[in-house]
Amino acid sequence: MSGLVLVMFLPTFYAVEMGLGLTAVGAIFAFGRIFDVVTDPLIGNLSDETRSRWGARRPWIVMGVPLYCLAVWMLLSPPEGAGLLYLAVVSAAFFLFYTMVDVPYSSVGLEVSPDVHERSYLAGSKAAFQVIGAIFAASIPAIFALQVPAALTLTSQYIVGLSLIGLAAFLAFVPVKNRRVTAPRLGLAAAARLVFAQTQFRYLVGCFFIVQSANALTAGLTVLYVTHVIGAPELVGPLIGLLFLSTAVFLPLWVYLSKKTTKKRSWMTAIATCCVALAGSVVLGQGDVIAVAVVCVLVGASFGADAIMPTSMLADIVDAGETGGANRLAGTYLAIKNALSKLTFIIPMGIAFPLLDLAGFAEQGGNTGFQLGALIGFFAIIPILLRVLSLVVISRAPLHTEALRA
């Protein structure tokens, strides 16, 4: 929920409603993403090296959830007259405490099951609830007929309440592996070297980075594509909702395929499906509403596999390495993967938007064929090329991770 609100509502709320300006607010949130790229590996390593009677992850989650709840409340319900300094401090606290909860929590998801297929179910259920949370957060203004400020306050209440319930459920029901570690402690640099020495991980995060870069371009330009190429700005919300919904609905399909074939082949099938869907979007034009809805369903479905399969494969790699008294590395593995994923979402803002501006693309409309072609290029053609590159790399990569502990 908080991730969706951060992307969809908060920048405009602070820039327009709070009167802080688009440039300044954009810079603060962009810095937050860069801050995340630094703090993710740091907290991942610190979590790995925590050795306590409660395990490596629980202390971080127990400390992090109340701080995260406080940061969410302050970020979504700012006092009247809050300025740029307030936004900078509170958003930094939000990013830090979110990481403090998410990295250790997600590391438990990598470590908790010894079964290769159950890891896919875990990754799939986590992705499903992320989608459900995003849809609910996006729907709150409409459901309760609230203006954005009031909707944000209500959303913060839901997030705080669900976080506290989630923490209680986690402590009560989730088994946390507390394997005895006898190896010397590792600093972040040493842990990163050990992680990147793992061949399968290098291939996995490389392919993941390519695919996520493609996804970032498509997702980041969907609003412009539907508005200017399809000519249906009133359908932007429903089509994005359809994309989210199809992500959740098709999650079981990718898990099923991974069991019938392999995780690698399931992921490749999803990547190829997205290429076909995006190829279809290239030839669409004004009024092709049904066709673009089909594209959204197929693209959304492929996004689900991009969420499940790399996470499940990473769990296989973690399990193979965490034997005997060896160092825990799940947090470091995961944090590096997360950091690379967050870097990819700078691509639309840092590359596509400036180049579209250079081509003379106008958000108000009246664009030429060349300018619409440039938009389609960034929305579909470049992502197709990136995904084809990822297919070539994955097909040659030693990524049958199910066999690592066979």
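The values are calculated or read from the model by the stated rules, or taken from the named source; none is laboratory data. Fair warning: this is a prediction, and the values are worked out from it, not measured in the lab. Heads up, the Cβs are rebuilt from the backbone with ideal geometry, glycines too, and the neighbour counts pull from every protein chain shown. Protein only, heavy atoms only, side chains kept; ligands, DNA and RNA dropped before computing areas. Shrake-Rupley method; radii C 1.70, N 1.55, O 1.52, S 1.80 Å.
Observations on the model:
- Residue within segment 207-226 that is touching a Pro at 6+ places or on another chain (Cβ under 8 Å) and either among the aromatic types (Phe, Trp, Tyr) or more than 19 Å from ALA380 (Cα to Cα) (or both) present: yes
- Residues that are in a helix (DSSP H, G or I), more than 20 Å from LEU42 (Cα to Cα) and not hydroxyl-bearing (Ser, Thr, Tyr), drawn from segment 72-89: VAL72, TRP73, MET74, LEU75, LEU76, LEU84, LEU85, LEU87, ALA88
- Scanning segment 362-376 for residues that are open to solvent by less than 60 Å² (accessible area, probe 1.4 Å) and modelled with pLDDT under 85 turns up ALA362, GLY365.
- Filter result (in contact with a helix residue (DSSP H, G or I) (Cβ under 8 Å, 6 or more places away or on another chain), open to solvent by 20 Å² or more (accessible area, probe 1.4 Å) and at pLDDT 90 or above) within segment 377-399: PHE378, ILE381, ILE382, ILE384, LEU386, VAL388, LEU389, LEU391, VAL393, SER395
- Per the conditions (1) of a type outside the set (A, V, I, L, M, F, W, C); (2) closer than 19 Å to PHE303 by Cα; (3) in contact (Cβ under 8 Å) with a residue 40 or more places away in the chain, the sole criterion not satisfied by PRO238 is (3).
- For segment 341-358, a residue qualifies if it is out of contact with any Lys or Arg (no Cβ under 9 Å at 6 or more places or on another chain) and surrounded by fewer than 18 Cβ atoms within 10 Å (Cβ to Cβ), and the qualifying residues are MET349, GLY350, ILE351, PHE353, PRO354, LEU355, ASP357, LEU358.
Quick grid of which residues meet (1) crowded, with 19+ Cβ neighbours inside 10 Å; (2) over 25 Å from ILE135 (Cβ atoms):
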residue: LYS259; (1), (2): no, yes
residue: ALA279; (1), (2): no, yes
residue: VAL294; (1), (2): no, no
residue: GLY304; (1), (2): yes, no
residue: ALA307; (1), (2): yes, no
residue: SER312; (1), (2): yes, no
residue: ASP319; (1), (2): yes, yes
residue: ARG328; (1), (2): yes, yes
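- Positions within segment 62-78 being β-branched (Val, Ile, Thr) and surrounded by 16 or more Cβ atoms within 10 Å (Cβ to Cβ), in sequence order: VAL65, VAL72
- Scanning segment 81-119 for residues that are over 27 Å from PHE13 (Cβ atoms) and without any contact (Cβ under 8 Å) to a residue 12 or more places away in the chain yields ASP115, GLU118.
- Which numbered condition VAL101 fails, given (1) assigned to a helix (DSSP H, G or I); (2) hydrophobic (A, V, I, L, M, F, W, C); (3) open to solvent by less than 30 Å² (accessible area, probe 1.4 Å); (4) more than 29 Å from THR153 (Cβ to Cβ): (4)
- Neighbours by Cβ (under 7 Å, 6+ apart or cross-chain): first from segment 334-355, within 14 Å of LEU221 (Cβ to Cβ); second polar (S, T, N, Q) and open to solvent by less than 60 Å² (accessible area, probe 1.4 Å): THR344/GLN212; THR344/SER213; ILE347/SER213
- Among the residues of segment 1-11, those identified as open to solvent by 30 Å² or more (accessible area, probe 1.4 Å) and either within 16 Å of ALA71 (Cβ to Cβ) or in contact (Cβ under 8 Å) with a residue 24 or more places away in the chain (or both) are MET1, GLY3, MET8, PHE9.
- Residues in segment 47-61 that are in a helix (DSSP H, G or I) and either in contact (Cβ under 8 Å) with a residue 60 or more places away in the chain or among the basic types (Lys, Arg) (or both): 4 in all.
- Test: LEU257 is among the aliphatic types (A, V, I, L, M), in a loop (DSSP other than H, G, I, E, B) and modelled with pLDDT of 90 or more: no
- Of the residues making up segment 265-274, those that are among the hydrophobic types (A, V, I, L, M, F, W, C) and within 20 Å of the chain's Cα centre (by Cα) are TRP267, MET268, ALA270, ILE271, CYS274.
- Hits in segment 218-234 (condition: among the small types (Gly, Ala, Ser) and more than 17 Å from ILE351 (Cα to Cα)): GLY231, ALA232
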